[in-house]
Structures are given as structure tokens and as C-alpha cells.
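Bear in mind these aren't lab numbers, they're just calculated from the coordinates by the rules spelled out. All of these numbers come straight from a predicted model, not from anything done at the bench. Virtual Cβ from ideal backbone geometry, glycine too; neighbours counted across all protein chains shown.
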Amino acid sequence: MTTITCIEDLRRLAEKRVPRMFYDYADSGSWTESTYRANETDFQSIRLRQRVAVNMENRSLRTSMAGQAVAMPVALAPTGLTGMQHADGEILAARAAEAFGIPFTLSTMSICSIEDVAAHTRAPFWFQVYMMRDRDFIERLIERARAANCSALMLTLDLQILGQRHKDIKNGLSAPPRPTLANLINLATKPRWCLGMLRTRRHGFGNIVGHAKGVGDLSSLASWTAEQFDPALSWADVEWLKQRWGGTLILKGVMDAEDARLAADSGADALVVSNHGGRQLDGAPSSIQALPAIVEAVGERIEVWMDGGIRSGQDVLKAVALGAKGTLIGRPFLYGLGALGEAGVTKCLDIIARELDLTMAFCGHTDIRQVDRGILIRC
Ligand code: FNR
């Protein structure tokens, strides 16, 4: 553990330990992956303004996201199949987030169910939904999230149809993996992962199998997903969901200033500037590039957060400086999980917090809530 100093170290270790199809599922984008790459590289073109002879004592990263106190302006993003990066992955990530004092978001497409995560955590977590044609199923999901004491609902708007990810098709992605010769050969090189999977009971889509009509086993799940995600989603559906849920609502996947205004009109509590980590519209701008125009378009009418490409605390600081009140991280915590389980997610959060804290100090600030564009030099 002592040799792990950055997120890239966790990524390398995860690449060794996680079966190829699930590692690739995390570490890929759609089509040419140009947006996936830009999410990371566009952070590099933003330079920081170093200040000296400024009192750097007593620093604080504490702030709030949608009214919830957070230890730093970072939450764990919803990610499907997290329980395939590591056995019981969603439970382990939720526990690490809880101990750190930041929110965990459970994806509808998770392996561990809402009830599984609730049974193993004390802090309320957030739940992410996609709009599906079967509104009864959505209502039941919402009720389950309510019963589990989830403190916010996150509606993902950018996946009504699926962006093509070449690697998943080539790998024949499925959960659990099919016992093909190629898979068995690859699994034979991942003994830790296999042992974890033998120990746990959780191998399928915990929120769906046994809960949605017509999904009895995993062979019917792929076609069910293709049939269920609603390509006709509209702002009226957002309103419907808001009414049904009645609590904190976060809209994820906004990349356009006009859509951001509509999101603010909807009365949601926060929006996430996100291109789904470069997994949907390849060719879209990076999230950090899209952020400033959206902040300008909505002002204080709705909290603006962003995700995509954050690989360090420096990236979090740059997003905050450009007006994000919070950020989400996806792959960084998945790499930590695949590398070292719960301890790896904690390591990921420690790395990001430390980088954020030190960078903020170098830029002459001691309170994350005071950081603004003044710390940036645009190249
Ligand atoms: C995702 N993302 C995602 N988003 C969502 O709303 N529901 C989901 O089920 C998933 N599933 C998912 C799986 C995997 C493996 C990844 C990498 C991402 C998108 C995710 O919430 C977030 O927007 C991105 O991960 C942010 O980009 P970074 O931090 O991974 O670069």
C-alpha cells in the first residue's frame, strides 16, 4: 500500500487484478473514445496560479452538496456492475465513502441491491435511476430507495439509448461472466477476484432480477434493458419523478446551457455536467470544457456539479474554481476497488483529499468554499 501514491497506481493494480471484461468495461469510452480522453486531458490545459507568503494554516475542505455536509466536494458516482470489479463492490465502496464523510451513489444497474447496501451502512446513500418505460418498476424502485432511507435521487438523463462501446461487445460483457474458454483462461489469472466471488452470493443485477416483470434470469436482462430504457424521456417525466420522490433530486448528464436552464426550471436541487465519462456521445466536449457556460447560464438557480476525467485533487480544485459546487468521481474509485477492495476506495479518497488540500494551499486559499476563478491561469 505504501507504494501507491496516485490514482494511476490504483489503475495499474486494478488492471492486474480485475478480469479483463470488467476492467475494460470501466476503462473505456464509446466509439473512438475521443471524449473519454478529452475529459482527462482538458484538465491539463488549465494552469494554477501559485501564491506565496499567504497564511496556509487551518485549512478546510468541508462544504455541502445539495444541502448535505460533505468532507470534501466529491461524491462517488453511480457506476453499473461495481460488484464485478470486486465482490460486494457497492457495499465496500459505500462503507469507504461513509467513513470518509462523502456521499455514495448506488446505480440501478448495480450488483448489490438497495437493501444489501442499506443493511451494511448507516449513513444514507443516494440512489440513481434511469427513466424506464415500465413506470411501475420505477415507482417500486423509488419506494425501495425511500424505505432504505436514501437521501437523494439522481436521475440520469443521457442514457435513453446506449452509446456503443466496442470493448464490451468484443468481450461479450455479462454478469456473471459466461464460462467461455477465453473467460476461464483469464479468470484463472485472477485468483483473489475468483475467491471473493465464490464467497459472495451477489453475482447478478440485484435491483432488477426478481423485481422487474419478465426478468427472471440474466439471459433475459440484456433484451429487457434495451426494451426498457425510455427513448421518449421528456421534461414532463422529470416533473413526474420529482412529484413521486418528493425529496432531493439531482439531474445527471447535462452538457448544454439551454438544457441546464430547463433543468433549473424543473426545480431539481442540482445538475451534474456530465457526458457519462465519455461513454455516450463520443465527440461531445469534455465536461470541464462544458462547465463554465452552464454555470453562467443558470447562476444560483440550481447547484451545478460536474464529473468526468477527475484523476486528482487538482482536477477537483479546477472544477470548483470554474464554478462547480461539487464533483463526482467514477473510475478513480473503481480502480481503488478493483485494486484493494474497500481499502483501495479509502486510498483513492485519501489521495484526492490530500492533493486537493495541498493544491488549494499552494494557490493561497484555506477554505474550499472561498475558491474561485482567481486561482486559474488559462493557457
Ligand atoms: C458509469 N456511469 C454511470 N452513470 C449512471 O448514471 N449510471 C450508471 O449505471 C453508470 N455506470 C457506469 C459504469 C462505469 C464502469 C463507468 C466508468 C461509468 C457514469 C458515471 O456515473 C460518471 O458519470 C463517470 O464515471 C464520470 O467519469 P470518470 O470519473 O469515470 O472519469
Study note, to complete from the structure: Amide H contacts under 5 Å for residue 75, restricted to residues at least 5 apart in sequence or on another chain and with H modeled in the peptide plane, are 327, 328, 329
Exercise for review: For the chain, set up a Gaussian network in which alpha carbons nearer than 10 Å are linked by springs, and say which option among 319, 119, 87 fluctuates the most.
Suggested key: 119
Practice item. Count the lysine pairs in the chain whose Cα atoms lie under 21 Å apart, taking only pairs 8 or more positions apart in sequence or on different chains. Key: 9
Point to revise | residue 69 paired with residue 181, simple spin-label distance in nm, labels 7 Å along Cα-to-beta-carbon | key: 6.0 nm
Point to revise | Cβ-based charge dipole, the chain, positive-most Cα from 183, 326, 104 | key: 183
Exercise for review: Quick one: among 57, 258, 40, which has the greatest mean-square fluctuation in a GNM of the chain with alpha-carbon springs under 10 angstrom?
Suggested key: 57
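Charges only on Cβ, +1 for Lys and Arg, -1 for Asp and Glu: so what's the dipole of the chain about the Cα centre, in debye to the nearest 20? Walk me through the numbers on the way to the answer.
Numbers: 43 positive and 42 negative charges, 206 e Å.
Its charge dipole is roughly 1000 debye.
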Exercise for review: Just need log10 I(q)/I(0) for region 249-379 at q = 0.10, 0.14, 0.20, 0.21 Å⁻¹, Debye formula, equal scatterers on the alpha-carbon atoms, no solvent, rounded to two decimals.
Suggested key: -0.33, -0.65, -1.17, -1.23
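So, counting K/R as plus one and D/E as minus one, what does the shell of residues with Cβ under 13 Å around residue 350 add up to? Could the numbers behind the result be given before it?
Values: positive: 347, 354; negative: 9, 342, 355, 357.
So the surrounding residues net to -2.
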Point to revise | Two-decimal Rg to Rh for the chain - Kirkwood Rh, Cα set | key: 0.95
Check your understanding: When the Karplus curve 6.51 cos²θ - 1.76 cosθ + 1.60 is applied with θ = phi - 60°, which whole-Hz ³J(HN,Hα) does each residue of region 297-303 get, with x for Gly and Pro?
Key -> 5, 9, x, 9, 5, 8, 5
Review point. Using θ = phi - 60° and the Karplus curve 6.51 cos²θ - 1.76 cosθ + 1.60, what whole-Hz ³J(HN,Hα) does each residue of region 246-252 get, with Gly and Pro shown as x?
Key: x, x, 5, 10, 10, 9, 10
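State whether region 25-99 is rounded, prolate or oblate according to the following rule on the C-alpha gyration tensor (a ≥ b ≥ c being the square roots of its eigenvalues): a/c under 1.5 gives rounded; otherwise a/b larger than b/c gives prolate, and the remaining case gives oblate. Write out the running numbers ahead of the final one.
Numbers: a/c = 2.83, a/b = 1.26, b/c = 2.25.
Cα axes put region 25-99 in the oblate bin.
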Review point. For region 84-98, in order, what is each residue's ³J(HN,Hα) by Karplus, 6.51 cos²θ - 1.76 cosθ + 1.60 with θ = phi - 60°, in whole Hz (x at glycine and Pro)?
Key: 9, 6, 7, 3, 6, x, 5, 5, 5, 5, 5, 5, 5, 5, 4
**Study point:** Candidates 12, 133, 51: whichever shows maximal mean-square fluctuation once the chain is modelled as a Gaussian network with Cα springs under 10 Å
**Key:** 51
Exercise for review: For every helix of n ≥ 4 consecutive DSSP H residues, a contribution of -39,500 (n - 2.57) applies; sum these over the chain, divide by its total residues, and give [θ] at 222 nm rounded to the nearest 500 deg cm²/dmol.
Suggested key: -12500 deg cm²/dmol
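Out of all DSSP beta bridges in region 7-377, what portion is antiparallel? Express it as a percent rounded to 5.
Percentage antiparallel, nearest 5: 20.
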